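The values are calculated or read from the model by the stated rules, or taken from the named source; none is laboratory data. Remember, it's a predicted structure, so these values are computed and weren't measured experimentally. Note: ideal-geometry Cβ built from the backbone for every residue, glycine included; neighbour counts use all protein chains shown. Just so you know, the surface numbers come from the protein's heavy atoms only, side chains and all, with ligands and any DNA or RNA stripped out. Shrake-Rupley method; radii C 1.70, N 1.55, O 1.52, S 1.80 Å.
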Amino acid sequence: MKVKELQECLAALDPNSEVLCYCEDGKFLAKDRKFVVFEVSSVSPRKASRIRLEDRTPYLKIGEGPEAENLVLLDVTSDI
């Protein structure tokens with residue numbers, strides 16, 4: 001999702017609402033849970049390269065580099 005799209009989505013909502021994220025990806029779930037909830041703790045622009053680790057897990061290499069691009073990163077925590 002691009003920043004413009006996120007802004008458009010958020011602009012239609014109550015600006016005093018809390019922002020939470022959730023994930024239904026099975027590899028992140030504890031036994032007998034259907035999803036994990038995260039709270040957004042910060043939003044920041046960063047230079048980073050999108051890579052995959054040896055096990056094919058998506059990852060970011062933060063900083064300058066030949067494949068680096070401008071990204072906006074949401075820092076999330078499960079301690080809500």
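Here residue 74 sits with roughly 80 square angstrom of accessible surface, probe radius 1.4 Å. Report which label in [x] 31, 27, 20; [y] 42, 25, 17; [z] 40, 36, 20 holds the value of Cα extents along the principal axes in Å derived from the coordinates of this structure. It is the value labelled [z].
Here is the list for the range 14-80: GluC sites (Glu not before Pro) lying in DSSP coil, each with at most 12 other C-beta atoms within 10 angstrom of its C-beta, are 18, 24, 54, 64, 67. Expressed as a whole percent, the accessible surface of the range 1-73 that belongs to carbon and sulfur atoms is 53, based on a 1.4 Å probe. The trypsin sites (Lys or Arg not before Pro) found in the range 1-67 that occupy coil by DSSP, while having at most 13 further C-beta atoms within 10 Å, are 2, 31, 33, 34, 56. Using the rule -39500 (n - 2.57) for each DSSP H run of four or more residues, divided by the residues of the chain, the 222 nm mean residue ellipticity is -3000 deg cm²/dmol. Once the 1.4 Å probe is applied to the protein heavy atoms, the chain comes out at 90 Å² accessible per residue.
When the chain is described by a simple charge dipole with +1 on each Lys and Arg Cβ and -1 on each Asp and Glu Cβ, the residue from 1, 80, 17 located farthest towards its positive end is 1.
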